[in-house]
1. Relative contact order of the chain: what whole-number percent is it, with Cα pairs under 8 angstrom and at least 6 residues apart?
2. Let me check against my output: what whole-number percent is the relative contact order of the stretch 266-415, with C-alpha pairs under 8 Å and at least 6 apart?
3. Counting only protein heavy atoms and using a 1.4 Å probe, what share of the accessible area of the chain belongs to carbon plus sulfur, as a whole percent?
4. How would D66, D267, D402, D106 rank on accessible area, largest to smallest, probe 1.4 Å?
5. How many Å² of accessible area per residue for the stretch 45-133, probe 1.4 Å?
6. Restricting to bridges with both residues inside the chain, how much of the DSSP beta-bridge set is antiparallel, in percent to the nearest 5?
7. Please compute the net charge surrounding R351, taking Lys and Arg as +1 and Asp and Glu as -1 over other residues with Cβ under 12 Å from its Cβ.
8. If you take every residue apart from L145 with its C-beta less than 14 Å away from the C-beta of L145, what net charge results, scoring Lys and Arg +1 and Asp and Glu -1?
Amino acid sequence: MWCWRLAWLLRGSSTRGSPWVPCGTRTFPAAPARSRHTAPESLRCAWQLHGDHLELRYGPTLMRLDFVWLRDHCRSPSCYNTKTNQRSLDTASVDLAIKPQAVRVDETTLFLTWPDGHVTRYGLEWLVKNSYEGQKKQVMHPRILWNAEIYQQAQVPSVDCRSFLETDEGLKEFLQNFLLYGIAFVENVAPTKEDTEILAERISIIRETIYGRMWCFTSDFSRGDTAYTKLALDRHTDTTYFQEPCGIQVFHCLKHEGTGGRTLLVDGFHAAEQVLHRAPEQFELLSKVPLKHEYVESVGGCHNHMIGVGPVLNVYPWNNELYLIRYNNYDRAVINTVPYDVVRRWYHAHRALTTELRRPENELWVKLKPGKALFVDNWRVLHGREAFTGYRQLCGCYLTRDDVLNTARLLGLQA
């Protein structure tokens with residue numbers, strides 16, 4: 001869904017080569033042809049040699065596979081350890097001018113014989129999946145983008161705490177909801193910090209930060225952060241001032257004796273997609289311009305000065321899939337990484353994204369209560385809070401993103 005033109009799209013270095021050869025034929029490299037031949041559209045598989053790469057058509061996918069890449073990724077026992085899933089071949093030992101002596105392709109497999117006699121075999125399906133052209137068409141993390149109406153109509157169920165803790169089915173249901181929507185709830189959690197910690201450890205290692213391992217706070221101004229007040233908080237992502245912002249945040253309201261304090265949730269990826277559709281040049285600018293975010297505090301015994309650098313929108317360059325939004329107007333530092341002739345355009349792009357993030361229809365308001373824990377994808381979903389009165393105690397923690405995704409993959413989910 002995030003695929004669109006990439007200015008840096010790699011192009012083949014050669015436009016001439018040997019004639020297209022249907023699969024099942026054995027051949028040896030010949031002198032480059034004067035003109036490029038094309039395979040009949042009816043052929044499911046055909047290939048053509050060029051000076052530095054093999055062009056392989058398999059089904060609807062046309063792949064350009066560099067010879068060095070083909071030698072480097074060999075999965076033979078001498079080149080790749082299938083027990084550890086690690087490369088054994090020393091990439092630096094591969095001749096950068098290497099060319100195969102022979103090439104053969106049958107209905108399922110590509111065979112390459114190298115000058116030293118070594119034979120490399122690749123399944124054609126593997127090549128489609130792992131080639132640049134194949135990856136361009138893949139989505140790393142399937143998602144359902146939402147506004148308030150879409151999420152409410154989906155009626156995404158909360159998962160019971162016991163099922164979450166004691167069964168793979170409950171854990172998998174929770175993680176599937178989390179991966180698709182960027183938020184997920186667990187019900188019937190004992191309202192204590194200790195029980196919330198047990199919940200968090202079910203899916204990840206807890207990430208200890210300057211705020212500690214498990215944090216539990218009220219509006220006591222104990223830290224130099226607006227979160228430690230009763231004031232409203234506008235939508236934002238946390239720890240933008242870390243070089244790697246925290247991946248997942250856990251919230252559990254242990255007690256609230258007062259009014260207000262609803263939690264605001266906004267799907268940042270949904271808002272960014274609207275910008276992409278309406279003004280792709282602004283989306284691109286937000287994904288390219290690096291900014292500094294900064295956290296400075298000197299309160300009691302807490303002395304910290306954190307700086308994180310990165311664009312507001314972070315995308316995978318091969319398919320332009322958005323994977324992280326770094327948006328926090330509170331913690332954005334002085335803009336001194338953007339030249340004069342770009343900064344005004346950046347402000348326009350930032351305003352376009354902010355407009356989408358602040359549309360009322362994109363705001364999901366949730367009243368957190370004791371017993372209901374909320375997990376938020378801090379790389380995707382912005383959160384905020386309305387002002388409140390009375391005593392309100394909240395506990396939670398940050399989780400390491402890698403471990404959450406690892407747990408999901410081990411349960412058979414795409415993550």
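The values are calculated or read from the model by the stated rules, or taken from the named source; none is laboratory data. Computed from a predicted model, the values in this text were never measured in an experiment. Using ideal geometry, Cβ is built from the backbone for each residue, glycine included, and neighbour counts are taken over all protein chains shown. Heads up: the accessible areas ignore ligands, DNA and RNA and are worked out on the full protein's heavy atoms, side chains in. Shrake-Rupley method; radii C 1.70, N 1.55, O 1.52, S 1.80 Å.
1. On the way: 822 pairs, mean separation 85.3, N = 415.
Reported as a whole number, the value is 21 percent.
2. On the way: 149 pairs, mean separation 40.8, N = 150.
Relative contact order here is 27 percent.
3. Working: 10350 of 20130 Å².
Ligands and nucleic acids excluded, carbon and sulfur reach 51 percent.
4. Numbers: D66 65, D267 5, D402 110, D106 35 Å².
I get D402, D66, D106, D267, largest accessible area first.
5. On the way: 4360 Å² over 89 residues.
Accessible area per residue, the stretch 45-133: 49 Å².
6. Details: 75 of 77 bridges.
Close to 95 percent.
7. On the way: positive: R344, R345, R358; negative: E356.
Here the count lands on +2.
8. Working: positive: R143, R359, R380; negative: E149, D267, E273, E321, E356, E361, D377.
For residues surrounding L145, the net value is -4.
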